[in-house]
1. Taking 7 Å along the Cα-to-C-beta vector as the label spot, tell me the ASN53-SER70 distance in nanometres, rounded to one decimal.
2. Determine the gain in length on full extension of the stretch THR27-SER122; use 0.36 nm per residue of separation and subtract their C-alpha separation, reporting nm with one decimal.
3. If you take every DSSP beta bridge fully contained in the chain, what fraction is antiparallel? Give it as a percent rounded to 5.
4. Take the alpha-carbon centre of the range 89-111, take the same for the range 23-76, and report the distance between them in whole Å.
5. Report the calculated FRET efficiency for GLU45 and LEU12 (r = Cβ-Cβ distance, R0 = 25 Å), to the nearest 0.05.
6. Kirkwood hydrodynamic radius, the chain, all distinct C-alpha pairs: what's the number in Å?
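Nothing in this text is a laboratory measurement; each read-out follows from the coordinates by a stated rule. Keep in mind that what you see is a predicted model, and the values were worked out from it rather than measured. Cβ coordinates were reconstructed from backbone atoms using ideal geometry, including for glycine residues, and neighbour counts include every protein chain displayed.
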Amino acid sequence: VQLQASGGGSVLAGGSMRLSCADSRRTASNNGMGWFRQAPGKEREFVAGISWNGGNTVYAVSVKGRFSISRDRAKNMVYLQMDGLNAEDTGIYYCAVSRSAVATTLSSLVAYWGQGTLVTVSS
């Protein structure tokens, strides 16, 4: 599996950003996928996840109502739409493939990681 995340950058607080993750080898189509992030000096944490067919999604409490995850299985893409960004959303965002068909909220149950894309929110 090769995951390529993109779409990161700098944005002002209150702004929006859309992250994309490409599964270039098309091996995660039957797996849950998701996004984790790691802020400076902190552990990696779960952000959002989606099941293999997009039918179920799950969000961290801190982003629920502001972020939206989606996937396009035909294009082997996963997206994270982020609205209402604040400084606490700053970090490196990693695309992840679950070990199963459902999304995972645990790093220990991630089968593959993407290389990460940096999101910086300034006030």
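1. Label-label distance for ASN53 and SER70, simple model: 1.9 nm.
2. Gain on stretching THR27 to SER122: 30.6 nm.
3. Rounded to the nearest five, the antiparallel share is 90 percent.
4. If we compute the Cα centre of each part, the gap is 7 Å.
5. Here the calculated transfer efficiency is 0.65.
6. The Cα-based Kirkwood calculation yields 13.9 Å.
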